[in-house]
Amino acid sequence: MNKDIFLTNSLGNKKEKFIPIDENNVGMYVCGPTVYDDPHIGNARPLVVFDILFKVLKCKYGNKSVSYIRNITDVDDKIIQSSNEKKISIEELTKKVTINYHSDCDYLKCDKPNKEPKATEHISLMVKMAEDLIKKKYAYVNKNHVYFEVKKFKDYGKLSNKNLEELIAGSRVEISENKKNPEDFVLWKPSKNNEPSWESPWGKGRPGWHLECSVMSKKYLGIKFDIHGGGRDLIFPHHENEIAQSRCANDTDKFANYWVHNGFITISNEKMAKSQGNILKINDFKKKINGQVLRLALISSHYKQPLDWNDKLINDCQKILNKWYECHVEVNKKVLIPEDSLSPLYEDLNTPGYIANIHKLYDKAYNGSVKDKQIFTTACNFIGLLTDSKDKWLNFKKEKSNISEKEILLKIEERDKARKNKDYKLSDKIRDELINKGVLIEDKDGKTTWKIK
RNA sequence: GGCAUCGUGGCGGAAUGGUUACGCAGAGGAUUGCAAAUCCUUCUAUCCCAGUUCGAUUCUGGGCGAUGCCUCCA
């Protein structure tokens, strides 16, 4: 499609036309997980949002012209803490969480990024960047720590709309005697004996939080690239500090050109937080709900807006997909999605607008030709929906159910007999029995079908 | 306190300087032994007050209200 892509750039907070540095080599870096605990539904949102942005970019520029880099942070204070709490080694913890994370990505039908670099595999580059920053006088060493001196970077606060005076006045920044100024942040710090550590010019230690993204984005996308994404909460301090480090280390006027941030998920209108005890892990849904349902729910509001997670949302999405699968057909050839239908996705990734268009395509497909059904299915596939066959979709819940198919079919047979004898009391009784066991009966075209409620 | 975001029908949720999506729920109908599912039809909305304008829900200012960030939480 010739249409331009528009994105809301957090840097300046305006919707802007997306112009890549090089159309044949579009780069997107998204902050992936810190692997200290299994991913929750809040982590799922950026996974799905940026997966769709990835798809839109590939649609516009071609599959081979887009690089999607999503890191895994596997060294961090939270990991150390979590490994102590869980009483397992750091290696075991990060390995386990990473496996679960990948399984969640599959479950949510996300395309694989081009590269998924790990922080621990790039420590030497982080040391190098810290050295560069010291050499260039943007950073200083004190008692085996390396700090970035925020004052030296004149554009600090541009992304998050903050100025230094306010930050200091707020005085909520960690105060440390080692720092020259309270706003300075750590590039390298010493490790205690039982903590992970690497050799460095400043003694054994480990990197500060932000350094891995600066280093890995540089390695895989270069010193300037197109899109940097993540959750809203990362704007400050994480992304602000990334910009400071990277631009100073690389002597550039820009780091990423477009900053894209997704909004937060609330759980039944409450903030999702450990203290609320309402953190929903992605893994907990796998038994009962198809990943496509979560995916649809996650894009049911615009990515910038908050999204409330509740039972009605899940039920609605489940119903919509049940309905949509009625019109699902196998598509083996290339089918074009009408430009009018696709265009909301180009307008700042307006997924609700696109979903509305899919509803319209469904209406057309329902009484339409095979071609209409193919267009409808293709439009769903584009955002990772209806990607399974109809059978697989229908069998998902049957497989997860604890009532056997044999038992159900026996009951249905029994009920059919009763219906033929016009013994509706008995037939309704059997139906109620099955409903109580979670099995829904439907008499359709003279045949009785069933599904798990 | 500072910086942002938001306020659309019963609910969720887009868009828009003029005729306002889409989904759920509701109503009526088709279908059904009755249901369910599905199909067809259909009712309902732009927080308040000024201003700009031929015309504002959309732009500007003010008010009220909600939320987020400023705490290594996506």
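The values are calculated or read from the model by the stated rules, or taken from the named source; none is laboratory data. As the structure is a computational prediction, the values presented were derived from the model and not from experiment. Here the Cβ is made from the backbone with ideal geometry for all residues, glycine too, and neighbour counts use every protein chain on show. SASA here: full protein model, heavy atoms, side chains in, ligands and nucleic acids out. Shrake-Rupley method; radii C 1.70, N 1.55, O 1.52, S 1.80 Å.
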So, A:Lys128, is that one open to solvent by 50 Å² or more (accessible area, probe 1.4 Å), part of a helix (DSSP H, G or I) and over 15 Å from A:Gly205 (Cβ atoms) or not? no
For segment A:242-268, which positions are open to solvent by 20 Å² or more (accessible area, probe 1.4 Å), within 8 Å of RNA strand B (Cβ to nearest atom) and not in a loop (DSSP other than H, G, I, E, B)? A:Thr266
Just the residues that are touching a Phe, Trp or Tyr at 6+ places or on another chain (Cβ under 9 Å) and not aromatic (Phe, Trp, Tyr), please, taken from segment A:323-338. A:Lys323, A:Glu326, A:Cys327, A:His328, A:Val329, A:Ile337
Considering each residue of segment A:39-75, count those that are open to solvent by 10 Å² or more (accessible area, probe 1.4 Å), out of contact with any Gly (no Cβ under 7 Å at 6 or more places or on another chain) and either more than 16 Å from RNA strand B (Cβ to nearest atom) or more than 23 Å from A:Pro306 (Cβ to Cβ) (or both), and give that number. 11
Name, by its number, the condition in (1) open to solvent by 100 Å² or more (accessible area, probe 1.4 Å); (2) charged (D, E, K, R); (3) within 10 Å of RNA strand B (Cβ to nearest atom); (4) in contact with a helix residue (DSSP H, G or I) (Cβ under 9 Å, 6 or more places away or on another chain) that does not hold for A:Lys437. (3)
Restricting segment A:269-318 to residues that are in contact with an Asp or Glu (Cβ under 7 Å, 6 or more places away or on another chain) and part of a loop (DSSP other than H, G, I, E, B), the residue that is surrounded by the most Cβ atoms within 10 Å (Cβ to Cβ): A:Asn278
Which numbered condition trips up A:Leu440, out of (1) of a type in the set (A, V, I, L, M); (2) in a helix (DSSP H, G or I); (3) over 19 Å from A:His328 (Cβ atoms)? (2)
Sort out which residues of segment A:311-322 are near RNA strand B (Cβ under 6 Å from one of its atoms) and touching a residue at least 24 places away in the same chain (Cβ under 8 Å), and write them in order of number. A:Ile320
Taking the condition of being more than 11 Å from RNA strand B (Cβ to nearest atom) and out of contact with any strand residue (DSSP E or B) (no Cβ under 6 Å at 6 or more places or on another chain), how many residues in segment A:269-310 meet it? 15
Please go through segment A:133-184 and give me each residue that is among the aliphatic types (A, V, I, L, M), assigned to a loop (DSSP other than H, G, I, E, B) and at pLDDT 85 or above, ordered by number. A:Leu159
Looking only at segment A:423-437, how many residues end up being in a helix (DSSP H, G or I), within 18 Å of A:Asn402 (Cα to Cα) and of a type outside the set (A, V, I, L, M, F, W, C)? 4
How about segment A:180-232: which of its residues are among the aliphatic types (A, V, I, L, M) and more than 18 Å from A:His145 (Cα to Cα)? A:Val215, A:Met216, A:Leu221, A:Ile223, A:Ile227
Take residues that are among the aliphatic types (A, V, I, L, M) and within 16 Å of RNA strand B (Cβ to nearest atom) and tell me which of the helices (runs of 4 or more DSSP H) falling wholly in segment A:338-422 contain 3 or more. A:351-366, A:405-420
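Conditions tested, residue by residue: (1) modelled with pLDDT of 95 or more; (2) closer than 17 Å to A:Phe153 by Cβ; (3) touching a helix residue (DSSP H, G or I) at 6+ places or on another chain (Cβ under 6 Å); (4) not small (Gly, Ala, Ser).
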| site | (1), (2), (3), (4) |
| --- | --- |
| A:Ser200 | yes, no, yes, no |
| A:Ser214 | yes, yes, yes, no |
| A:Phe225 | yes, no, no, yes |
| A:Phe236 | no, yes, no, yes |
| A:Ser268 | no, no, no, no |
| A:Ala273 | no, no, no, no |
| A:Gly277 | no, no, no, no |
